[in-house]
Amino acid sequence: MIRIEGLTKEYAGKAVVRDVTMAIESGTVTVIVGTSGSGKSTFLRMVNRLVEPTAGTVEIDGVDTRRMKAHELRRRIGYAIQDHGLFPHWTVARNIATVPRLLGWPRARIAARVRELLELLQLDPDEIAPRYPHQLSGGQQQRVGVARALAARPDMLLMDEPFGALDPVIRAKAQDDLKAIQERLGSTILLVTHDMSEAIKLGDRIAVMSEGRVEQFAPPADILTRPASAVVESLVGEEDRPFRYLSLLPIAPLVEPGTAEGPPIGTGHSLRDALAEMIWSGRQALPVVDDEGAACGRVTRGALLSAGRPPR
Amino acid sequence: MSAVVAAALRFALVALVLAFLLVPDAFAPLLAPFAPPGGAAIYDRASLLALTVSHLLIVVAAIVPAVAISVGLAILVSRPIGAEFLPLSRAIVNIGQTFPPVAVLALAVPVVGFGAWPTLIALFLYGLLPVFENALAGLTGVPPAVAEAARGSGMTGPQRLLQVELPLALPVILEGVRISLVIALSTATIGSTVAAKGLGEVIIAGLNSNNLAFVLQGGLLTGALAVILYDGLGQVARLTARRG
């Protein structure tokens, strides 16, 4: 549990972050979204005290972060950034081992942990561990950056535009992978992005920031259906809103008895995926199968479109 | 292929210099045409080997402290607490560079007397600037994302310096050392005007007695040493940079 109270940062009397208060549940993903200059990165960097707050407090599990030494605090908080910031003179293994080494873990434990993380991030340990960062692709560098942030089993993970340098295809895969890893490890993540789609895809809760203030702090569906201000509304984007909303809804509740033509879709997909498939294949309904591949009914275009119009 | 040629040339040059230092008389026929009638072709008032060793020792004795102080100063002024001293440090090392070594010798002799000391002081002052500027460029040139990651992962100031900044700056620092070393090697020859033992002695003797053979062997030896050292340090720099 992370409690942020009245967090403020001023530079030369000008507030970059103003009086932000927020509670972050353990094991959830909180996404801070905002345009550049909204203060979102400064806010993130105050959590691990890369920026010292002008006022306000951050408490992790009831302990005020100001009572710890800054470098000891940072060793307890994973940190992943846009340009990965891998140390170019160290191998991948040594990079991932950064924080465990700082904490003085025994050698064998570090080696085992590095191997475990590379496997978790779908990188072949024997092939990738001895390489230097410049020998990796952009997507691999980003994954090593995440592995390094996770290495010492931190209390929480701070991520500043972690996928910003990736092309759209690799980016989507990286987001899926992060989501899967987060669900598996139950990590607490605070992630900053300027991309509302990314925020909706990854966040359990989204904080929309503008001019240093949090405009709205709510689950993605609320941000879409009940934007608290004009700023939030403009970030959500009127023309994309229905599709973003559909992307949050699972197929399962709309499944009705019956059959339909063509290849089936799994219950794990979102309504947005189902709509895309209907448009592209010109079908009125799709057969639905469960995780084991057993047929469980169909979803129709009519049901889908009315589900995409949220109650208001 | 070019690497093989370079290695062969390197080996040949080192072998040639060693041969000349160990058995200089064998080269007398080559240099005789440049000696005046009846004059010696090979410098004979002191052992060339001893002069070369002394020359190198003076250079090393001046450059080692110059490197230590320049790198130390660069580390200091690249920290937040030392940033104020940057203009002052720049001014000091720049004066060292702009002050002509001959003038340093002239000023140092009345204070420390004749011998190796005036030369040491001149070379030391002359060697500061290239190392300082390169060390500063290397230490402040760490990519922002890397510097941010080092802080963000919880390294302390000294850990960042020793584990990240200095290793990343090392190739650039070595480049500065290389420049200082070569400048010092050639500048050390003028030290012989104030009685420092070195290869300048051979050149000056040649100039005084109108013996072109002496001037040639002193000059060529100094030049060959500069090439060997410059190349050798370049190899070291390449090794340290290869992983970056």
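The values are calculated or read from the model by the stated rules, or taken from the named source; none is laboratory data. All values derive from a computational prediction rather than experimental measurement. Neighbour counts are summed over all protein chains in view; Cβ atoms, including those assigned to glycine, are modelled from backbone coordinates with ideal geometry.
Checking the structure you have, find out if any residue of segment A:140-163 is free of Cβ contacts under 8 Å to residues at least 12 places away in the same chain and under 24 Å from A:Glu238 (Cα atoms).
no
Those residues that are at pLDDT below 90, surrounded by fewer than 15 Cβ atoms within 10 Å (Cβ to Cβ) and not small (Gly, Ala, Ser), I need them from segment B:23-59; list them, please.
Hits for segment B:23-59 are B:Val23, B:Asp25, B:Pro29, B:Leu30, B:Pro33, B:Pro36, B:Pro37, B:Asp44, B:Arg45.
Report, by residue number, each residue of segment A:280-304 that is among the hydrophobic types (A, V, I, L, M, F, W, C), part of a helix (DSSP H, G or I) and over 18 Å from A:Leu249 (Cα atoms). Show your work before the answer.
The first filter runs over segment A:280-304 and keeps only residues among the hydrophobic types (A, V, I, L, M, F, W, C), leaving A:280, A:285-286, A:288-289, A:294-296, A:299, A:303-304.
Narrowing further to those that are part of a helix (DSSP H, G or I): A:280, A:303-304.
Listed by number, the list holds a single entry, A:Trp280.
Is it fair to say A:Asp155 is surrounded by fewer than 22 Cβ atoms within 10 Å (Cβ to Cβ), farther than 25 Å from A:Thr42 by Cβ and acidic (Asp, Glu)? Working first, answer last.
Numbers: surrounded by fewer than 22 Cβ atoms within 10 Å (Cβ to Cβ): yes; farther than 25 Å from A:Thr42 by Cβ: no; acidic (Asp, Glu): yes.
Taking the combined requirement at face value, the residue does not satisfy it.
Just a yes or no: is a residue in segment B:43-53 at negative phi and more than 25 Å from the chain's Cα centre (by Cα)?
Narrowing segment B:43-53 to residues at negative phi: B:43-53.
After this cut, where a residue has to be more than 25 Å from the chain's Cα centre (by Cα) as well, the list is B:44-45.
Yes, because at least one residue in segment B:43-53 is at negative phi and more than 25 Å from the chain's Cα centre (by Cα).
Among the residues of segment B:98-143 satisfying the criterion of being under 30 Å from B:Arg160 (Cβ atoms) and polar (S, T, N, Q), which is surrounded by the most Cβ atoms within 10 Å (Cβ to Cβ)?
Among those residues, the one meeting the criterion is B:Asn134.
Pairs, please: C-beta under 9 Å, at least 6 apart or cross-chain, first residue on the phi > 0 side of the Ramachandran plot and in segment B:87-103, second part of a helix (DSSP H, G or I) and exposed (fewer than 13 other Cβ atoms within 10 Å of the Cβ)?
Filtered contacts from segment B:87-103: no entries.
Scan segment A:232-245 and report the pairs whose first residue is among the small types (Gly, Ala, Ser) and whose second residue is modelled with pLDDT of 80 or more and assigned to a helix (DSSP H, G or I), with Cβ atoms within less than 7 Å and a gap of 6+ or a chain change.
Once the first residue is among the small types (Gly, Ala, Ser) and sits in segment A:232-245, its partners that are modelled with pLDDT of 80 or more and assigned to a helix (DSSP H, G or I) give A:Gly237/A:Met196.
Rundown of residues vs (1) surrounded by fewer than 13 Cβ atoms within 10 Å (Cβ to Cβ); (2) modelled with pLDDT of 90 or more; (3) in contact with a helix residue (DSSP H, G or I) (Cβ under 6 Å, 6 or more places away or on another chain), yes/no style:
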residue: A:Asp240; (1), (2), (3): no, no, no
residue: A:Tyr245; (1), (2), (3): no, no, yes
residue: A:Ile251; (1), (2), (3): no, no, yes
residue: A:Glu256; (1), (2), (3): yes, no, no
residue: A:Ser270; (1), (2), (3): no, no, yes
residue: A:Gly297; (1), (2), (3): no, no, no
residue: A:Leu304; (1), (2), (3): no, no, yes
residue: A:Gly308; (1), (2), (3): no, no, yes
residue: A:Pro311; (1), (2), (3): yes, no, no
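Within segment A:45-89, take every residue that is part of a loop (DSSP other than H, G, I, E, B), more than 8 Å from chain B (Cβ to nearest Cβ) and of a type in the set (A, V, I, L, M, F, W, C) and give me the one that is surrounded by the fewest Cβ atoms within 10 Å (Cβ to Cβ).
Residue satisfying both the conditions and the ranking: A:Met68.
Can you pull out the residues in segment A:124-135 that are surrounded by 12 or more Cβ atoms within 10 Å (Cβ to Cβ) and away from every other protein chain (no Cβ under 14 Å)?
As a first pass, look at segment A:124-135 and keep what is surrounded by 12 or more Cβ atoms within 10 Å (Cβ to Cβ): A:125, A:128-133, A:135.
Within segment A:124-135, A:Pro125, A:Ile128, A:Ala129 qualify.
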